[in-house]
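The values are calculated or read from the model by the stated rules, or taken from the named source; none is laboratory data. Computed from a prediction, not measured in an experiment: that's the story for all the values here. Here the Cβ is made from the backbone with ideal geometry for all residues, glycine too, and neighbour counts use every protein chain on show.
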Amino acid sequence: MQSNLIVLRLALVAAFLLPCAVSTASAEDAGGSGAAWAREGRPLPEPEWLQPRLDKDLPAYQPCSAQPLQGSFEGSASAIMPQLVHAWVTGFHARQPGVSISVPPPYLAPQGDLSPPMHRFLDGDSDFAFVSRDMTASDVAAFRRAHGMAPQAIPVVGGAYRHFGFLDTIGVVVNDANPVKGLTLAQLDAIFSRTRLRGHGPVRTWGDLGVAEWGDKPIHVVGAAAWEGRENSARAVVVRERVLSVGPLQGQWRDDVPVDGTEAEVPKQVAADPYAIGFTGMGHLAAGIKTVPLAQDAGKPFVDVSYENVALARYPLSRVADIVLTRWPGRPLDPALREFVRFILSREGQQIALDQGVMLPLRAAQANDARRLLVASGSADGCDPVAGVHAAEVDPDLPHYQPATLETPKGASYLTPDGAIAIVGYNDMQQMLDRQVARFAATHPGIRVSLNLPGTRFAPAALARGQSAIAPMGAEFTPQQLADYRAVTGSDPIEFRVAHASLDPRALSGPLAVFVHRDNPIGRLTLEQLAQAYTGKATRWGDLGAQGDWAARPIHLYGVERGTPLAQFMQKAGLGGQTFAHGMTEFHQSADVVRHMSEDPLAIGYAAAMRTTPSVRALALARHAGEEPVALTEENIMSGRYPLDRQLLIYVRQPLNSFAREFLRLVLSREGQEAVAASPQGYLPLSEREAAIERAKLD
C-alpha cells in the first residue's frame with residue numbers, strides 16, 4: 001500500500017517511539033535572549049524527519065486578474081512566524097512585483113497587551129496580523145471598540161505536530177494504566193464542561209464513559225489552571241471552541257475541579273494519578289501517560305493523535321495559524337491584499353510551509369474552507385472558484401441584475417451624517433449583505449451604504465423611526481414589534497423573503513425541526529399529529545402511531561420558550577395558530593432543548609434544525625394525511641416541500657423608497673442569490689419561482 005506520507009523506517013522509530021527526542025526550541029532551553037527573538041523571530045526547531053506530501057488537490061496559484069497589482073501594506077507577525085511569513089512575501093513578490101508587503105520587527109506574543117505591533121493592528125493602524133493562536137477575548141473586544149465589528153481570521157498554515165511553542169497538537173492524556181480505548185467529543189465535553197452542549201449526560205466515573213473495568217472509579221480532571229482567570233490559555237481556547245461549544249453557543253468550563261496545574265504540569269499530574277485526565281501539547285508528553293484517540297461522534301471511528309493523522313487533518317484537536325484582517329462592511333478587501341492571501345492558500349504557498357519543515361501545510365479541504373472565508377470577507381468579483389462557496393446550486397432561471405439609474409435620496413432620514421445609506425439589521429446576514437452591497441456599489445458608483453448589523457431585534461425600531469432604509473431580519477416581526485411599528489408608522493411593513501434558512505451549525509437561523517430521541521421508533525408525522533401532541537390532545541406515543549410497548553408510553557413535550565421567534569413560528573406553521581399545552585418543558589435555546597431530549601427517550605421537541613446531535617433524530621413531516629412525508633434536507637428546503645422551512649427576510653416601509661426597490665431587485669436576481677449561496681453559514685438561495693413572487697411586490 002502506498003502511504004500518504006514519505007516514511008523513513010528509522011524516522012518512524014524516532015518519531016513515534018521516542019516522542020521527546022525532537023528538539024523543541026522551548027523557552028526553557030532556547031539559550032537565546034528575548035531581544036534576539038523580537039528582532040529575528042523564535043529560532044526554528046529541527047524539522048520532523050517525517051514530512052507529509054503536499055495535497056495534490058491544492059490549487060496552483062492563478063492571479064485573479066491579468067493586470068499587475070499595485071499596493072503597499074504593513075502588518076505584524078508573532079514570534080514563531082516571521083521566517084515563514086517572509087518566505088511567503090518573497091514568493092508573492094516574485095509573482096506580483098508591484099505589491100509591497102512589509103512585516104517588520106519586533107516579533108512578539110500574539111496578544112495585544114504583550115505586543116505593540118499587534119496592538120497597532122487592533123487599533124486600525126496596520127493592515128493585517130499573522131497570529132499563532134486564536135485571538136483572546138480582550139483582543140477581539142479591543143478590535144470591536146476600534147472598528148465596530150469583529151476581525152476576520154483566515155487559517156493559513158497548520159500547527160506543528162509536537163514542537164512546543166509552534167502550535168503543537170493538543171493531546172488528551174490519561175495514565176498508562178487507564179483501560180479507556182477512546183472518547184467521543186460529546187464525552188470529552190461532558191468531562192470538561194458544565195454546559196454539556198453536545199448532549200451527553202453528566203459523568204463522574206469512568207464507568208459513565210463506558211469503561212466497564214473501572215465502572216466505579218472516579219474521574220479526576222486536572223489542568224484547570226489553563227481555563228481559570230481572565231483569559232483561557234491558547235490550547236484551552238481550542239478545546240472550548242471545538243469541543244465545548246456548538247455553533248454560536250459557547251460552552252462553559254467546569255468550575256468544580258481543583259485549579260492545581262497548567263497544561264505543562266498535566267503530564268506529571270496524570271502520570272501520578274491513575275484516574276486523572278487532562279489535555280496538553282504534544283511537546284509536553286512524558287513517561288507514564290498515553291494519549292486518547294478521539295471520535296467526532298458516537299459510531300464514528302476513533303482517530304489517534306499520530307503524526308499522519310495530524311498531517312492529514314484527521315485529528316480534531318490539531319491547530320492552525322491565522323492571518324487576521326479588517327473586513328469593512330460593504331467594501332471588498334483590497335485586491336492586492338486579497339491576492340497575497342490567495343497565494344498563501346495555493347499549492348505554491350503551502351509548498352513554502354512544507355519546505356520549512358516545522359509547521360504543517362494545509363490540506364486542500366482546509367485551504368478551501370479558508371478561501372471560502374476570504375471570499376466572504378469581500379471578494380466582489382467572484383474570481384476564486386472555491387469549492388463549497390456556491391455549494392447550494394443557484395437556479396439558472398434567475399434573471400441577471402440589470403441596474404437602473406439611482407441617486408442618493410436627498411434629506412432621507414436614513415442617511416448617515418456623511419451621506420451613506422444606513423441599513424440596520426441581522427448580524428448573521430453580514431457576509432451575504434457585504435457581497436450584495438459591494439455589487440450594488442460597483443453598479444452605482446455614487447451610492448454608499450453603511451451596514452450596521454447588531455441583530456434582528458434592533459431592525460424593527462430602526463425601520464419604524466426611519467433610521468434604516470431596509471430591515472434585514474432572521475425572523476418575522478413579533479406581535480409586540482408589529483404593534484410598536486404600527487403605532488409609529490400607521491401601517492404594516494412590506495415583507496420580502498430573500499433566502500432560506502441553513503442546516504449548517506455555524507448559522508444562527510435554521511429551519512424548524514421536530515426531534516425525537518434516537519431510540520424512538522416514530523420516524524414521521526403529519527402536521528395534524530404534531531398539533532395534537534403539542535396542544536395536549538395526544539398524550540401517548542400510541543396516539544401518534546407507535547405500537548407495541550411504545551404505544552402506552554407518555555409523550556414528553558419539549559420546545560423553545562413561548563414568545564420567542566421560533567415558538568411563534570412553530571405555533572403558526574406547525575399548530576395552525578393553536579395554543580401550546582401547559583405541560584411543555586421550555587428552554588431559551590434550541591441547543592438546550594436537544595441536550596435535555598438526549599436524556600429522555602420519551603421526548604419530542606422542536607428546535608432549530610442545525611442544533612441536532614447524534615442523540616436525536618429529525619422527523620419527516622407531511623402537511624396532510626395521505627401525503628408523502630418530507631425529510632429535512634437542503635433539496636427539500638430549496639424546493640419548498642419541507643413544511644417547517646424558515647427564511648431570511650428584508651422588511652421595507654410603505655411606500656417603497658427608491659433605494660429599497662433597486663437594492664431588492666439586486667437581492668432577488670441571480671447575482672444576489674449567488675451572494676446568498678456563498679455565505680459561509682450555508683444559507684440557501686431562493687428558486688426563480690420564489691424570487692418572482694417577491695419581485696412582484698416591487699411593482
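General remarks:
- Pair list, Cβ < 6 Å and 6+ apart or interchain, from the stretch 469-496 residues that are of a type in the set (S, T, N, Q) to residues that are surrounded by 14 or more Cβ atoms within 10 Å (Cβ to Cβ): GLN481/PRO460; THR489/ALA464
- Of all residues in the stretch 530-559, those satisfying the criterion of being in contact (Cβ under 8 Å) with a residue 40 or more places away in the chain, touching a Gly at 6+ places or on another chain (Cβ under 9 Å) and not in a loop (DSSP other than H, G, I, E, B) are LEU530, ALA531, TYR534, HIS556, LEU557, TYR558, GLY559.
- Some residue of the stretch 430-441 being at pLDDT below 90, in the same structural domain as ASP57 (by TED's automatic domain parsing) and either among the aliphatic types (A, V, I, L, M) or surrounded by fewer than 23 Cβ atoms within 10 Å (Cβ to Cβ) (or both): no
- Taking each residue of the stretch 683-699 that is not assigned by TED's automatic domain parsing to the domain that holds PRO493 and looking for partners that are of a type in the set (Asp, Glu) with beta-carbon atoms closer than 6 Å, six or more apart or interchain, yields nothing.
- Residue match in the stretch 190-200 (condition: surrounded by fewer than 19 Cβ atoms within 10 Å (Cβ to Cβ) and at pLDDT below 95): yes
- Screening the stretch 268-326 for residues that are touching a His at 6+ places or on another chain (Cβ under 6 Å) and part of a loop (DSSP other than H, G, I, E, B) and picking the one that is surrounded by the fewest Cβ atoms within 10 Å (Cβ to Cβ) gives ASP273.
- If you filter the stretch 129-153 down to residues that are among the aliphatic types (A, V, I, L, M) and surrounded by 23 or more Cβ atoms within 10 Å (Cβ to Cβ), you find that the one that is nearest to GLN430 (Cα to Cα) is MET135.
- Taken as a whole, the structure places ALA186 among residues that are in contact (Cβ under 8 Å) with a residue 24 or more places away in the chain and of a type in the set (Gly, Ala, Ser).
- Residues that are within 28 Å of MET638 (Cβ to Cβ), not in a loop (DSSP other than H, G, I, E, B) and not charged (D, E, K, R), drawn from the stretch 483-513: ILE494, PHE496, VAL498, ALA499, HIS500, LEU512, ALA513
A quick yes/no check of all residues on (1) modelled with pLDDT of 95 or more; (2) farther than 23 Å from SER590 by Cα; (3) surrounded by fewer than 16 Cβ atoms within 10 Å (Cβ to Cβ); (4) touching a strand residue (DSSP E or B) at 6+ places or on another chain (Cβ under 7 Å):
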{"residue": "PRO479", "(1), (2), (3), (4)": "no, no, yes, no"}
{"residue": "ILE494", "(1), (2), (3), (4)": "yes, yes, no, yes"}
{"residue": "ALA499", "(1), (2), (3), (4)": "yes, no, no, yes"}
{"residue": "ASP504", "(1), (2), (3), (4)": "no, no, no, no"}
{"residue": "ALA513", "(1), (2), (3), (4)": "yes, no, no, yes"}
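- Counting only helices (runs of 4 or more DSSP H) that sit wholly inside the stretch 596-699, those with at least 2 residues that are closer than 30 Å to VAL488 by Cα and at pLDDT 95 or above are 658-667, 688-695.
- Screening PRO445 against (1) in a helix (DSSP H, G or I); (2) more than 19 Å from LEU575 (Cβ to Cβ); (3) free of Cβ contacts under 8 Å to residues at least 24 places away in the same chain; (4) not hydroxyl-bearing (Ser, Thr, Tyr) leaves a single unmet condition, (1).
- Every residue from the stretch 550-577 that is of a type in the set (D, E, K, R) and closer than 20 Å to ALA620 by Cα: LYS572
- Complete set of residues in the stretch 132-169 that are among the aliphatic types (A, V, I, L, M) and more than 20 Å from the chain's Cα centre (by Cα): ALA142, ALA146, ALA160, LEU167
- Checklist (1) farther than 30 Å from ARG439 by Cα; (2) over 18 Å from the mean Cα position of the chain (by Cα) applied to PRO316, failing item: (2)
- Whether a residue is touching a Gly at 6+ places or on another chain (Cβ under 9 Å), more than 16 Å from ARG342 (Cα to Cα) and part of a loop (DSSP other than H, G, I, E, B) was assessed, and TYR61 does not pass this test.
- Looking across PRO409, PRO445, one residue alone is surrounded by fewer than 19 Cβ atoms within 10 Å (Cβ to Cβ) and either under 22 Å from LEU374 (Cα atoms) or more than 34 Å from the chain's Cα centre (by Cα) (or both). It is PRO409.
- The residues of the stretch 141-184 that are out of contact with any Gly (no Cβ under 8 Å at 6 or more places or on another chain), among the polar types (S, T, N, Q) and not in a strand (DSSP E or B) amount to a single one, ASN178.
- Meets criteria (in contact with a Pro (Cβ under 7 Å, 6 or more places away or on another chain), more than 23 Å from PRO151 (Cβ to Cβ) and at pLDDT 85 or above) for ALA286: yes
- When ALA660 is tested against (1) among the small types (Gly, Ala, Ser); (2) crowded, with 23+ Cβ neighbours inside 10 Å; (3) in contact with a Pro (Cβ under 7 Å, 6 or more places away or on another chain); (4) under 30 Å from THR408 (Cα atoms), exactly one condition is not met: (3).
Residue by residue, here is whether (1) without any contact (Cβ under 8 Å) to a residue 40 or more places away in the chain; (2) of a type outside the set (Gly, Ala, Ser) holds:
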site: PHE92; (1), (2): no, yes
site: ASP113; (1), (2): yes, yes
site: ASP123; (1), (2): yes, yes
site: PHE128; (1), (2): no, yes
site: ARG133; (1), (2): no, yes
site: GLY165; (1), (2): no, no
site: ILE170; (1), (2): no, yes
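- In this structure, VAL270 qualifies as at pLDDT 95 or above and of a type outside the set (Asp, Glu).
- Within the stretch 597-623, residues that are of a type in the set (Lys, Arg) sit with their Cβ atoms under 6 Å from residues that are not in a strand (DSSP E or B), at 6+ positions apart or across chains, in these pairs: ARG611/SER590; ARG611/ALA591; ARG611/VAL594; ARG617/ARG518; ARG623/LEU527; ARG623/PRO643.
- Cβ pairs under 6 Å, 6+ apart, first in the stretch 503-523 and under 22 Å from ILE604 (Cβ atoms), second basic (Lys, Arg) and part of a loop (DSSP other than H, G, I, E, B): PRO511/ARG646
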